[in-house]
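To start, the structure under review is shown below, and the notes come after it.
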């Protein structure tokens with residue numbers, strides 16, 4: 001079954017501006033996809049539509065074969081919680097909570113694991129991203145690269161099938177940016193997750209397995225390999 | 001839910017000082033409410049206690065609540081003829097069949113009844129004369145419904161029997177007449193009967209009108225003086241359970257037809273004052289709590305404004321609008337609960353402080369301090385209102401937070 005597919009998805013703002021127009025695509029597990037394009041080409045808008053954060057004006061998005069267009073907001077939220085993970089340009093960690101607690105938030109919200117198991121899982125995620133020592137620290141005590149890795153750990157908290165990242169390396173230096181992309185590549189290759197990254201960095205985009213190029217809200221190229 | 005609590009605590013702890021200020025606002029509102037309510041309730045309870053102590057609980061009078069229908073009106077009802085200017089039939093006043101009624105009333109469990117006859121008379125001693133109201137009583141029965149003996153400063157109730165035509169009067173009245181215990185005064189009733197009466201007792205209630213214008217004699221003596229043999233014009237009742245006074249009064253009135261007033265009805269004017277007093281108290285503390293609620297509204301609004309990014313990320317992580325709304329509602333409730341708890345402590349301290357106050361003057365009843373009610377219900381009511389108003393104040397910002405569109409925020413931050 002196709003993990004995620006978009007059928008004729010169009011997003012228009014109330015003012016008549018079209019952000020994304022008539023996009024159809026499908027993404028399978030294990031794919032590492034980069035969405036590229038110039039500023040204002042609708043990359044991020046498309047990502048929010050694919051990530052069920054936003055609803056399309058026309059067309060529909062199917063997650064694991066399920067049409068999400070008609071779902072009420074709480075069900076979309078439940079899908080995001082269980083099946084999707086987000087990473088943004090800014091880390092958006094809650095400043096009052098330690099790295100571990102930040103990773104624990106989605107796990108606890110979902111409530112599928114007992115407290116001890118939840119903490120073990122959060123710890124394992126941090127450990128896998130080389131953050132074992134940072135677990136008890138507050139976000140402000142971490143470096144930019146570490147914060148973004150904590151954010152990735154949080155996105156992976158509920159073992160999502162699809163990881164969506166919006167310019168995740170925008171605030172990072174080259175070395176940290178490369179590290180983040182390595183992590184994404186590994187998540188796709190080893191765990192069989194789909195990873196969709198919006199980036200304007202052509203160099204990094206080359207590390208992915210599939211590149212979708214947008215111009216003015218339309219797909220102009222979609223190449224694999 | 002525990003997660004929501006943890007998140008709320010984390011968010012509030014960042015704004016510790018502001019949180020403290022709004023908590024303090026609530027606490028002051030609660031504390032003032034507790035202190036004022038304790039004062040007022042204390043006074044009111046004392047006053048009602050006094051009334052219940054001194055006055056009979058139910059008074060049956062020799063009149064009807066609505067004028068009796070006249071024979072002429074009954075004869076022509078709704079006819080072609082209308083009767084105007086009917087002169088009411090002259091009816092002998094007094095409670096009819098008072099002996100039978102008394103027996104019935106005595107049979108009510110927990111009730112004691114006493115018949116009395118009141119009437120005015122002119123007391124004359126030497127060159128002075130004063131108009132007074134004389135109450136004719138039957139001492140053994142009267143003793144059970146009113147506490148006249150407590151106020152007697154000279155003589156005793158029993159002396160009414162031993163002396164022929166004995167009279168007990170208030171101390172101010174005695175001064176005005178210039179009489180002493182054992183002196184004989186002349187009492188003249190409106191019917192023209194005049195009796196020589198001996199002062200056998202003097203009382204002091206502290207209530208000026210009573211001390212100045214009332215006297216007590218034997219029922220039989222007053223019946224002679226008023227020229228109303230065997231007539232009783234009031235029956236007084238005292239109950240073991242005062243709360244039953246009003247319903248019982250209604251039953252009696254329905255049965256006998258005589259106007260029957262409970263102590264609540266007789267003191268309706270003062271009880272109404274209490275209602276107004278309480279209304280004022282509730283409005284004042286309501287205003288304080290309103291200000292406190294604005295404080296809470298303010299801090300929750302600030303937190304919502306500052307936390308837009310956190311709200312956005314929580315929503316993108318899969319928190320629903322309901323979760324977010326609860327998250328901020330809980331913060332308001334936390335502030336309300338903290339304020340209520342602190343307010344209860346402050347309120348208790350205020351009560352202790354008020355209890356230390358002593359007045360220089362002494363009231364007739366012998367109070368030189370505030371009468372304070374120490375009732376947990378006051379604390380409960382104050383806390384409930386505080387938490388409720390805090391929650392209400394948090395609703396608007398919480399809803400605003402819940403409706404936040406994460407896409408807009410994430411775009412703005414990028």
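No value in this document is a laboratory result; all are computed from the given coordinates. Quantities reported herein were computed from a predicted structural model and do not represent experimental measurements. Cβ placement follows ideal geometry from the backbone for every residue including glycine, while neighbour counts extend to all protein chains displayed.
Between B:207, B:34, B:48, the GNM of chain B built on Cα springs shorter than 10 angstrom shows B:207 fluctuating the most. Binning the C-alpha pair distances of chain B at 10 Å intervals from 0 yields a P(r) profile of 4, 16, 17, 15, 13, 11, 9, 7, 5, 1, 0 %, listed from the shortest bin outward.
Hey, can you rank B:14-23, A:205-214 by average C-beta count inside 10 Å, highest first?
On the way: B:14-23: 16.5, A:205-214: 18.9.
Averaged packing, sorted descending, gives the order A:205-214, B:14-23.
Relative intensity of region A:165-225 on a log10 scale, I(q)/I(0) at q = 0.20, 0.21, 0.26 Å⁻¹, equals -0.80, -0.87, -1.21, per a Debye sum over C-alpha point scatterers of equal strength in the absence of solvent.
Return the calculated 222 nm mean residue ellipticity for chain B, to the nearest 500 deg cm²/dmol, obtained by summing -39500 (n - 2.57) across DSSP H runs with n ≥ 4 and dividing by the residue count.
Values: 17 runs with 238 residues, N = 414.
It lands at -18500 deg cm²/dmol.
On a 0 to 90 degree scale, rounded to 10, what angle separates helix B:308-317 from the longest Cα axis of chain B? Roughly 70 degrees, rounded to the nearest 10.
Report the far tail of the P(r) of region B:229-347, meaning the percent of Cα-Cα pairs longer than 25 Å. Working shown, then result.
Working: 4164 of 7021 pairs.
Percentage above 25 Å: 59.
Computed from the Cα positions only, the extents of region A:1-99 along the three principal axes stand at 42, 33, 29 Å, in decreasing order.
Taking square-rooted eigenvalues a ≥ b ≥ c of the alpha carbon gyration tensor, is region B:43-108 rounded, prolate or oblate, where a/c under 1.5 means rounded and, failing that, a/b exceeding b/c means prolate? Since a/c reaches 1.5 and a/b is larger than b/c, the shape of region B:43-108 is classed as prolate.
Rg and Dmax of chain A, both derived from C-alpha coordinates alone, stand at 17.1, 51 Å.
Each part gets one Cα centre, and for region A:58-135 versus region A:154-189 those centres are 14 Å apart.
With axes computed from alpha carbons, what is the tilt in degrees of helix B:2-14 against the longest principal axis of chain B, rounded to the nearest 10 within 0 to 90? Helix B:2-14 and the main axis of chain B meet at about 90 degrees.
How would region A:116-178 be classified by its alpha-carbon gyration tensor: rounded, prolate or oblate, with rounded meaning a/c under 1.5 and the a/b versus b/c comparison settling the rest? Could you put the intermediate results ahead of the total?
On the way: a/c = 2.30, a/b = 1.27, b/c = 1.82.
Oblate.
Please give the calculated 222 nm ellipticity per residue for chain A, where each DSSP H segment of at least 4 residues contributes -39500 (n - 2.57) and the sum is spread over every residue; nearest 500 deg cm²/dmol?
Mean residue ellipticity at 222 nm (helix-derived): -10500 deg cm²/dmol.
Over all pairs of different C-alpha atoms, region B:297-369 has a mean inverse distance whose reciprocal, the Kirkwood radius, equals 16.2 Å.
Where both partners of a DSSP beta bridge lie in region A:4-224, what percent of those bridges are antiparallel, to the nearest 5?
Numbers: 19 of 36 bridges.
Antiparallel: roughly 55 percent of the beta bridges in region A:4-224.
The mean number of partner chain beta-carbon atoms within 10 angstrom of a residue's beta-carbon across peptide B:3-16 is 3.
Against the main long axis of the alpha-carbon atoms of chain A, helix A:174-191 sits at an angle near 80°.
Shape call for region B:278-414 from the C-alpha gyration tensor, a ≥ b ≥ c root eigenvalues: rounded (a/c under 1.5), prolate (a/b greater than b/c) or oblate? Each step should come with its number before you reach the end.
Working: a/c = 4.03, a/b = 3.89, b/c = 1.04.
Taking the square roots of the gyration eigenvalues as a ≥ b ≥ c, region B:278-414 is prolate.
Can you compute the modelled spin-label distance between residue A:13 and residue B:287, with each label point 7 Å from Cα toward Cβ, in nm? About 4.9 nm, to one decimal. Cα centroids of region B:150-227 and region B:329-347: 61 Å apart.
The label-point distance for residue B:204 and residue B:269, in a model that sets each label 7 Å from Cα toward Cβ, rounds to 2.6 nm. Out of all DSSP beta bridges in the protein assembly as shown, what portion is antiparallel? Express it as a percent rounded to 5. In the protein assembly as shown, approximately 65 percent of DSSP beta bridges are antiparallel ones. Mean per-residue shielding of peptide B:305-314 is 4, counting Cβ atoms of other chains within 10 Å of each Cβ.
Counting alpha carbon pairs within less than 8 Å and at least 6 residues apart, what relative contact order, in whole percent, applies to chain B?
Values: 683 pairs, mean separation 113.0, N = 414.
Rounded, it is 27 percent for chain B.
Global size of the protein assembly as shown: 43.4, 132 Å for Rg and Dmax (C-alpha atoms, Rg to one decimal, Dmax whole).
From other protein chains only, count the Cβ atoms within 10 Å of every residue's Cβ in B:123-134, then give the mean.
On the way: counts 0, 0, 0, 0, 0, 0, 0, 0, 0, 0, 0, 0.
Mean shielding count: 0.
For region B:168-296, count all C-alpha to C-alpha pairs, find those more than 21 Å apart, and express that count as a whole percent of the total. Cα-Cα pairs in region B:168-296 separated by more than 21 Å: 66 percent. Both the radius of gyration and Dmax for region B:166-216 are 10.8, 32 Å, in that order, over alpha-carbon atoms.
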